[in-house]
Structures are given as structure tokens and as C-alpha cells.
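J.: Quick one: the structure is below, questions incoming.
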Amino acid sequence: MTAHNGMLSIPGSHNIRREVLENGIVVLVYENFAAQSVVISGSLRAGSQFETAEKNGLAAMTASALLRGTAGYDFDTINEKLEYAAADLDFSGGVHRTSFSGKSLAEDLPLLIELLAEAVRYPTFPDAHLDLLRGEVMTSLHIRQQDTRYRANRAFYEALYPPEHPYHHSTRGTLETVPMLTVSDLKAFHERHYGPAGMIIVVVGAIKADDAIRTVRDYLGDWTNADQPDLPPVPSVTPLAETQRAFVGLPGKTQSDIVMGTIGPSRFDADFLAAQLANSVLGQFGMMGRIGHSVRETLGLAYYAYSSVDGGYTASPWSITAGVNPANVDLAIARINDEIDRLVTQPISAEELEDNQSYFTGRVPLQLETNEGIAGSILNMEIYRLGLDYLINYRDTIYRLTEADILAAAQKYLTSDRVVIAVAGPDKK
Amino acid sequence: MSSVTRHVLPNGMVVLLKEVRSAPIISWRVLYRVGSRNERTGITGISHWVEHMMFKGTDKFPPGALDKMIDRVGGSWNAATWLDATSYYETLPSQHIDLALEAEADRMVNAKFDPEEVESERTVIISERQGSENSPFFWLSEEVQAAAFRVHGYHHEIIGDMADLETMTRDDLFNHYRLHYAPNNAIAVAVGDFDTAEMLAKITALYGGIPSGEAFEAFARPEPAQSGERRVTVERPSGSALIEVGYRAPAASDPDFFALDMVCSVLAGADSPAGSSIDNKTSRLYKALVMKELAASVDGGMYATIDPFLLVFYMTIRPGVDPETVLAAFDAEIERLRSGDVTEAELARVKKQNRALFAYGMERVTNQASMLATAEALGDHLWYEHYVDRLNAVTLEEVKAAAEKYLRRQSRTVGLLIPSGDEEDGEMMDDFDEEDAE
């Protein structure tokens with residue numbers, strides 16, 4: 001429509017600067033002078049996949065404790081530096097990777113990178129802070145024990161993945177394991193798993209790429225960890241032989257949450273985008289797709305009823321979530337199953353295919369409106385090895401998909417007679 | 001900084017336009033000056049329910065049509081019902097903005113309120129309320145608000161009371177729509193990648209011919225002064241005890257608003273009307289409650305409202321800690337602040353935080369349009385444009401005076417949520433009701 005001042009062009013190999021430091025850290029920078037802020041986003045190879053079932057929650061607790069004190073700064077100083085600059089820096093432990101994200105005014109990027117480096121390289125895990133943190137996590141776990149959506153979700157994962165699989169467990173840990181985590185555990189986990197190998201840092205904002213890369217190199221370029229292990233393989237999962245059901249009874253609740261589904265593709269699978277488009281038809285496009293139309297719009301059973309394909313590092317759930325009155329649980333499940341059946345037995349219409357192709361490609365400008373959105377896109381390109389021109393080629397990729405591709409993806413992963421159905425709510429009836 | 005232009009169409013519709021060329025998108029928002037504040041007993045929640053019905057179709061755009069049309073062009077759309085207003089927005093790639101303009105012009109007058117759709121939506125909204133009721137935070141907040149406001153419409157939750165959701169009729173909803181949805185009760189805002197003259201011409205062509213609605217006096221009853229602390233206790237299943245303390249706060253138009261906002265930032269950390277926030281580990285209450293192992297978290301905030309609302313603090317109590325101990329520690333911090341010990345350095349810090357958070361929030365055109373519409377509804381479309389300047393102008397003396405004036409026990413409501421004791425860890429059963437599932 002009109003010329004723009006700043007970000008206009010879609011991020012690609014022509015405007016993303018990618019540099020691999022000598023120690024293996026991958027730095028990606030995208031300059032955007034349209035806003036005053038700068039955002040960092042990235043991850044390290046230090047997720048819960050490396051923890052044992054007895055120490056469930058260790059990776060997440062380690063990540064949460066990184067900013068509780070470092071060799072250079074104590075807790076108060078770290079927070080004064082960050083908050084006085086109106087900057088934010090957070091760590092969060094996932095299954096495969098521990099992520100970090102930060103935001104500040106552009107002139108404070110060196111502060112963000114310095115504190116990021118302090119946190120990942122020199123955390124001290126002070127005893128008193130571990131007690132504090134443990135108490136906060138325990139309070140949060142107690143609250144979640146009463147949360148129907150959280151409990152249905154946990155029951156779903158526990159039924160879908162065997163105990164030896166990392167997805168069986170919550171990354172937060174449990175009421176039993178969190179009290180057992182010690183400072184020594186955190187220190188040992190940090191020493192072994194935090195290192196430059198596999199670390200990715202994306203910087204987006206009002207900053208010159210050369211300056212951003214120099215800053216990262218200054219603070220992290222000489223970091224080494226010779227003993228850092230590779231990601232271990234994830235145990236294979238046996239497909240469900242029959243439908244499994246789990247119910248979590250929580251007295252006093254007025255609504256039941258349903259989480260049902262099966263194991264879908266990983267982000268690396270060739271049919272991931274076909275599955276994602278099939279999922280959009282099932283429970284996203286318009287008002288929560290076909291499921292939203294049936295369960296919410298036609299029957300008025302639920303405020304939310306939608307589906308999602310997670311597509312992570314390894315085969316991840318393809319699930320449907322709905323919150324319904326306890327009396328309507330069975331009816332909602334039946335209608336959701338009807339929609340799964342329809343998706344796997346009939347090709348989607350040409351109109352549905354075209355609608356969703358247009359949706360997938362049309363939403364890119366909105367996703368790239370902010371520095372956070374751009375950084376997230378670039379991080380995904382790097383983590384999942386999509387290539388820096390992924391977004392440039394995205395339109396062609398999406399428009400190559402056919403009705404047959406969508407049907408094949410749905411049939412490969414979904415079937416209504418072999419799903420996990422987890423419900424958390426007030427009573428069995 | 002202001003590049004906002006304000007126009008009033010002959011039918012009374014206020015139009016605010018702001019060109020922002022940082023991304024090829026536009027956010028279009030239409031706000032109606034009606035919210036839960038204007039609802040009488042018996043029809044509480046009606047503004048929110050009408051908002052839902054606005055998505056249930058017109059002759060031009062049957063139910064579901066716009067969901068698909070907007071998704072097809074990669075846009076997002078939604079609506080929000082608030083204490084003071086109900087607003088609708090579309091954010092779209094700029095070449096598709098006509099779709100948003102047409103959609104809002106159409107449903108301003110042509111929403112159908114089909115009786116079957118009304119009944120279907122009744123259960124959806126009841127389900128929305130039941131979903132909220134699953135959270136102990138909702139129960140506590142509902143009781144605190146109800147205790148803090150005996151007369152004013154801020155008394156009830158925006159979603160409405162269950163008794164009213166079960167009994168309101170299609171005619172109630174339609175009459176509410178007819179009365180409040182008209183250009184002379186609407187504020188329309190566009191922010192993004194457009195030319196102001198071209199956009200104004202398009203808006204005038206589409207909205208200029210919509211007749212004005214009847215003049216009416218919106219229902220609103222002033223709350224009398226509070227003359228003594230109010231306390232409510234709620235017992236519900238919960239993983240921990242919770243405390244919510246609400247102090248009567250000034251309206252957005254009150255000169256004290258900004259000074260009290262600074263008080264709130266000193267106590268519980270900065271946040272922004274644009275929706276962004278940072279951590280609050282340097283705030284006084286975090287240090288006094290979380291670092292002392294009394295609470296797992298503490299937060300606070302105040303809202304820009306037409307009538308005086310609340311400055312609210314929330315505390316999640318650690319298991320095993322007596323809530324009265326937490327409240328005593330909270331009170332000690334309040335008294336310390338009321339004694340006037342805020343420093344220039346503290347004030348400078350929270351000002352910088354608020355400035356930066358405001359800038360972060362302005363990075364989204366959707367937020368900018370929302371803030372402009374709300375500002376106009378508050379009586380001054382430049383309210384947010386001047387937000388940073390007015391924060392900067394707050395003096396230490398004003399902060400001390402605001403703390404002294406507003407953080408009084410006599411004008412607060414203290415809510416306590418006590419776990420009811422019938423929490424179970426959640427009994428897991430396999431193979432439930434298999435025979436019943438179709």
C-alpha cells in the first residue's frame with residue numbers, strides 16, 4: 001500500500017545475519033529500526049530430557065535459579081540492573097531445551113547479553129534462594145493440582161507416553177520430586193549440560209548486526225564445556241492399541257476439561273505442514289474449525305473447543321481441548337470423535353483447502369509485526385533446520401499441498417477408535 | 001508525538017486516525033460506550049452477551065462467514081467487554097482493510113439476534129462463567145468487587161450473575177443492542193499503514209449514512225463514600241490461600257490518578273496500560289512478602305476507568321503460612337509508604353519503567369488502537385498520548401499525598417480465600433463411563 005520505514009521485508013537469508021562463533025554458538029540477528037526495543041530469544045541444550053524420573057523438575061528448577069545469583073552479581077543487583085533499565089530476562093526449562101527471552105530498550109542490549117552470559121556461565125545457586133524458589137514452585141504445584149485443564153492435560157500426557165519417555169512427565173516436577181531437589185543437583189546439572197554446543201541466540205531490534213554479534217562474542221565467545229553431552233535419543237512410542245480413558249475427580253468444580261487425542265508428527269516430519277493444515281480444518285480455522293462449529297456454535301456446549309498439533313522435536317501430541325459442563329462431557333466427546341472420523345474418511349473440500357492455504361500465508365505479516373514475532377520465527381528456522389529462506393518459500397510450500405496430502409496426514413496420525421481421552425472435573429457423573 | 005487526528009461525523013460517530021508505517025497492517029476498532037457499569041440488576045452480563053451475539057451473523061454476513069473471511073486474509077478479530085465499554089477490532093494486512101470497515105458498519109445496525117442463536121449462546125456463556133468459576137481467583141475477585149461496590153455497576157463481574165444468565169431474554173439483549181449500538185455512541189479508531197485522508201473518506205462513505213440513535217441517559221449510579229474497612233471471606237477448593245485487597249481509587253480523569261499509579265508501581269512493580277509488564281522483584285511488596293517466604297507471589301494494578309474503581313493487590317499465600325501474618329506484613333509496608341518514605345530514586349526508577357513499558361506496548365497497532373479508543377471513552381483522546389508526560393510530571397510530594405489519601409483502611413476491602421479443606425489431590429480412575437460415550 002505505502003512505503004514503510006522499518007521492517008518490511010520478510011526475514012530471509014538476504015537480511016538475517018547468521019554467524020557461528022568458534023565455540024559453536026549460533027547467533028542470528030535481524031535489524032529492525034521501526035521500534036525502540038531489542039529482543040533476544042534463544043535456547044540451550046539443557047532440558048528435562050537429561051533428568052531422571054526421581055529428579056523430575058531439575059532442569060526447570062535449574063533454569064529458574066540461574067538469575068538468583070551469579071559470580072559477578074547477587075540477586076538484588078541482578079534485579080536492580082534489569083528492572084532499573086525496564087528490561088526483562090527469563091529462563092524456562094523445556095523437555096529438549098532450556099529457553100531464554102529478554103527485552104530492553106535498544107541501548108541496553110549489552111546489559112541483557114552480559115546478564116544472560118552471567119546466568120548461563122556463572123550461576124551460584126545460593127542455598128537460601130533455592131529454598132525460596134522451591135516454596136514458590138510448590139505453591140504453584142498445589143494450585144495446579146486444583147486446575148482442571150492442567151490436570152486433564154497431565155493425565156493425557158501420562159496415558160499417551162510411557163514413563164520412560166520424557167513427555168510422560170511435567171517439566172515442572174511434582175509435589176514429590178521438587179522437595180528432593182538440592183543445590184548440589186542444580187550445580188551438577190548446570191556443570192554438565194550448560195555449554196555453548198547447541199546454543200542459539202536470536203537478536204532482533206534497533207541494533208546493528210555487527211554490534212549485536214560483537215556483544216555476544218565479547219560475553220560468550222570464550223565459553224567452553226568439553227563434557228557437554230549430545231541430546232540422547234527419545235524412546236520410541238508404541239501406537240495405541242485401543243482407546244484409553246482417564247478421569248481426575250476434583251470436587252467443587254463447575255466445569256470439566258477434556259483433553260483427547262493421539263500422537264502426531266514431529267516438526268521434522270515431512271508431512272508436518274499437511275498435518276497442521278488438517279488440524280486447522282479440524283479445530284482452528286474460523287471459530288475453532290469444524291469442532292468449534294459443532295461443539296460450540298451448533299450445540300452451545302462449550303466456550304472453548306479446539307485442536308492443536310504441537311510438532312516438537314519428536315513425535316508430539318495432536319490433541320483436542322474442550323471445557324464443558326460436566327453433564328455434557330460424553331456428548332462433546334462423541335461430537336469430537338465424529339469430526340475426527342470425518343477428517344480421516346473424507347478429503348477436505350477444495351474450498352477448505354484454499355481457505356486454509358490463504359489463512360496460513362496471509363497471517364505472516366501479523367506474526368512479524370513485533371520483534372518478538374520475528375525472533376520466534378527465526379529461532380524456529382534454526383532449531384528445526386528449516387533454512388533461513390523458510391518464510392520466503394513458505395507460500396509456495398503451502399500452496400503445493402493437496403487435498404490428498406491433507407487426508408494422508410490425517411489418516412496417518414488420527415483415528416477416533418485409538419485415542420487417549422482425559423477428563424478432569426467435579427464428578428464421575 | 002501525537003499524529004492522531006480526531007473527526008466527528010455528522011451522525012455523531014467519533015473517528016480517530018493514526019498513521020503508523022512500521023508494518024503493512026492496520027488495526028480497526030469500534031468501541032461502544034456501554035459496559036458492565038451500565039447494567040441493572042436482572043440483566044447483569046448483558047453487555048458481554050450482546051458482544052457474543054455480534055458474532056452470530058447479519059443478512060450480509062451469515063454466522064461464521066466473517067470468521068472465515070478474516071482468517072482467509074490472515075487477519076485477527078475479536079471483541080472485549082469491559083467495565084466501561086464494549087469494543088470490537090480487526091487487525092489485517094492493510095490491503096484488506098475494507099473487509100473490517102464493512103463488517104463493523106454492517107453489524108452496528110444489522111445484527112440478527114436469532115432466537116435459536118440466543119439460546120445456543122446462553123449455554124456457551126454459562127460455560128464461560130463455569131470455566132472461570134473453576135479458578136479460586138475468580139471467586140475471590142467477584143466477592144471483593146461486590147463488597148467494594150454496593151450501589152455502582154462495578155458491583156458485579158462483567159460476565160454477569162448466573163441467575164441473570166439463566167433468565168435474560170432475547171428481547172432484553174436486542175433492546176440493549178438497539179439502544180447502545182449507534183454511531184453517536186461509538187468511537188472508531190484506525191491505526192496503521194494508511195493515508196489519513198483516504199481512510200477518512202472510506203469511513204465516511206460507509207458509516208456516514210447510518211442514522212444516529214435516540215439520545216438516552218446511560219444507567220449509572222454513583223457509589224457513596226466508604227466509611228470503614230470491609231472484609232469478605234470465601235471458602236473454596238484451592239491449592240493455597242489467597243488475599244486480595246482493593247482500595248478505592250480515583251477515576252482516570254482525576255489529577256491524582258497518575259500519582260497513585262506511581263504508588264502502585266513502587267509497591268508492586270510497574271505495568272502498562274498497553275498491556276506489557278516486567279518482573280517486580282525490586283518492588284517493596286515482593287521484598288517484604290515473597291523474599292520473606294510469606295507469599296509465593298504478589299501483584300498489583302489499577303485501571304483507567306470512567307468512575308472511581310479500585311487499586312488492587314493480590315497475594316498468593318505459601319502453604320502453612322497464616323494469611324493474617326501476610327496481611328500484617330502487607331499493612332506494615334502500606335504504613336511505611338504512607339509515612340512518606342518514598343525516595344526520588346525510587347520514583348525515578350518507576351517512571352523509567354513505566355515509560356519503557358508504554359513504548360513496548362505501542363509496538364503493536366492493535367494496542368495503540370485499543371488505547372486511543374479507551375482514552376476517548378474516558379473523555380480525552382489524548383489521555384494516552386500524554387500518559388508518559390503526565391507520569392513524568394508527578395512529584396514526590398504528590399506521591400506521598402496520594403498514598404496518604406487513598407491507602408486508608410477505611411476505604412478498602414480485604415478479601416480472603418481460605419481453602420475449604422475438601423481439596424483432593426484428584427482421584428485418578430481409568431476406564432470411566434466407557435459405555436456412555438457414543
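J.: Looking at the structure I just gave you, is A:Val183 farther than 30 Å from A:Arg342 by Cα, of a type in the set (A, V, I, L, M, F, W, C), free of Cβ contacts under 8 Å to residues at least 60 places away in the same chain and surrounded by fewer than 21 Cβ atoms within 10 Å (Cβ to Cβ)?
T.: Yes.
J.: Take the residues of the range A:23-70 that are surrounded by fewer than 22 Cβ atoms within 10 Å (Cβ to Cβ), hydrophobic (A, V, I, L, M, F, W, C) and over 29 Å from B:Arg355 (Cβ atoms): which is nearest to the chain's Cα centre (by Cα)?
T.: By that ranking, first place goes to A:Phe50.
J.: In the range B:99-120, what count of residues is obtained for those that are part of a helix (DSSP H, G or I), more than 23 Å from B:Gly75 (Cβ to Cβ) and among the acidic types (Asp, Glu)?
T.: Looking only at that region, the number is 3.
J.: For the condition assigned to a helix (DSSP H, G or I), at pLDDT 95 or above and not hydrophobic (A, V, I, L, M, F, W, C), what is the one hit in B:Tyr286, B:Tyr314?
T.: B:Tyr286
J.: Out of curiosity, is B:Gly320 in contact with a helix residue (DSSP H, G or I) (Cβ under 9 Å, 6 or more places away or on another chain), under 25 Å from B:Glu143 (Cβ atoms) and more than 9 Å from chain A (Cβ to nearest Cβ)?
T.: Judged against the criteria, B:Gly320 is not a match.
J.: Could I ask something else about it? Given the options A:Ser104, A:Ser170, A:Ser140, name the one that is of a type in the set (Gly, Ala, Ser) and free of Cβ contacts under 8 Å to residues at least 60 places away in the same chain. Let's see the steps before the verdict.
T.: Working: A:Ser104 fails: free of Cβ contacts under 8 Å to residues at least 60 places away in the same chain; A:Ser170 fails: free of Cβ contacts under 8 Å to residues at least 60 places away in the same chain.
The match here is A:Ser140.
J.: Return only the number of the condition from (1) within 12 Å of chain A (Cβ to nearest Cβ); (2) among the aliphatic types (A, V, I, L, M); (3) touching a residue at least 24 places away in the same chain (Cβ under 8 Å) that B:Ala65 does not satisfy.
T.: Failed condition: (3).
J.: Let me ask something additional. I'd like the residue in the range B:323-371 that is closer than 30 Å to B:Gly75 by Cα and in a loop (DSSP other than H, G, I, E, B) and, out of all such residues, is farthest from the other protein chains (Cβ to nearest Cβ).
T.: Looking at residues that are closer than 30 Å to B:Gly75 by Cα and in a loop (DSSP other than H, G, I, E, B), I get B:Met362.
J.: Condition check: within 14 Å of chain B (Cβ to nearest Cβ) and over 23 Å from A:Thr139 (Cβ atoms). Does A:Glu83 satisfy that?
T.: When the stated conditions are applied, A:Glu83 does not pass them.
J.: Identify all residues within the range A:365-412 that are surrounded by 15 or more Cβ atoms within 10 Å (Cβ to Cβ), more than 14 Å from chain B (Cβ to nearest Cβ) and not in a helix (DSSP H, G or I); write none if there are none.
T.: A:Tyr384, A:Leu386, A:Leu388, A:Asp389, A:Leu401, listed by residue number.
J.: Follow-up question, since we're still on this one. Just name the residue that is farthest from A:Ala60 (Cα to Cα) out of those in the range A:145-154 that are within 7 Å of chain B (Cβ to nearest Cβ) and assigned to a helix (DSSP H, G or I).
T.: Looking at residues that are within 7 Å of chain B (Cβ to nearest Cβ) and assigned to a helix (DSSP H, G or I), I get A:Thr148.
J.: Could you say which residue among A:Ser358, A:Ser294 is hydroxyl-bearing (Ser, Thr, Tyr), touching a strand residue (DSSP E or B) at 6+ places or on another chain (Cβ under 9 Å) and more than 30 Å from A:Gly94 (Cβ to Cβ)?
T.: A:Ser294 is the lone residue from the list that is hydroxyl-bearing (Ser, Thr, Tyr), touching a strand residue (DSSP E or B) at 6+ places or on another chain (Cβ under 9 Å) and more than 30 Å from A:Gly94 (Cβ to Cβ).
J.: Separate question: Go through the range A:250-331 and tell me which strands (runs of 3 or more DSSP E), entirely inside it, have 3 or more residues that are at the interface with chain B (Cβ under 9 Å from one of its Cβ atoms).
T.: Values: elements: A:256-263, A:302-309, A:317-324.
Where strands (runs of 3 or more DSSP E) fall fully within the range A:250-331 and carry at least 3 residues being at the interface with chain B (Cβ under 9 Å from one of its Cβ atoms), they are A:302-309.
J.: (1) crowded, with 17+ Cβ neighbours inside 10 Å; (2) modelled with pLDDT under 95; (3) under 22 Å from the mean Cα position of the chain (by Cα); (4) farther than 22 Å from B:Arg355 by Cα: which one isn't true of B:Gly379, the others all being true?
T.: Unmet condition: (1).
J.: Quick check on my filter: what residues within the range B:269-280 are crowded, with 23+ Cβ neighbours inside 10 Å and of a type in the set (A, V, I, L, M, F, W, C)?
T.: Result: B:Ala270, B:Ile278.
J.: Does the range A:11-22 contain any residue that is outside any loop (DSSP other than H, G, I, E, B), among the charged types (D, E, K, R) and within 14 Å of chain B (Cβ to nearest Cβ)? Let's see the steps before the verdict.
T.: Our first condition is that a residue be outside any loop (DSSP other than H, G, I, E, B); within the range A:11-22, this holds for A:17-20.
Pick out the ones that are also among the charged types (D, E, K, R) and you get A:17-19.
In the following step, the residues that additionally are within 14 Å of chain B (Cβ to nearest Cβ) were identified as none.
Within the range A:11-22, none of the residues are outside any loop (DSSP other than H, G, I, E, B), among the charged types (D, E, K, R) and within 14 Å of chain B (Cβ to nearest Cβ).
The values are calculated or read from the model by the stated rules, or taken from the named source; none is laboratory data. Nothing here was measured: the structure is a model prediction, and the numbers come from that model. Cβ coordinates were reconstructed from backbone atoms using ideal geometry, including for glycine residues, and neighbour counts include every protein chain displayed.
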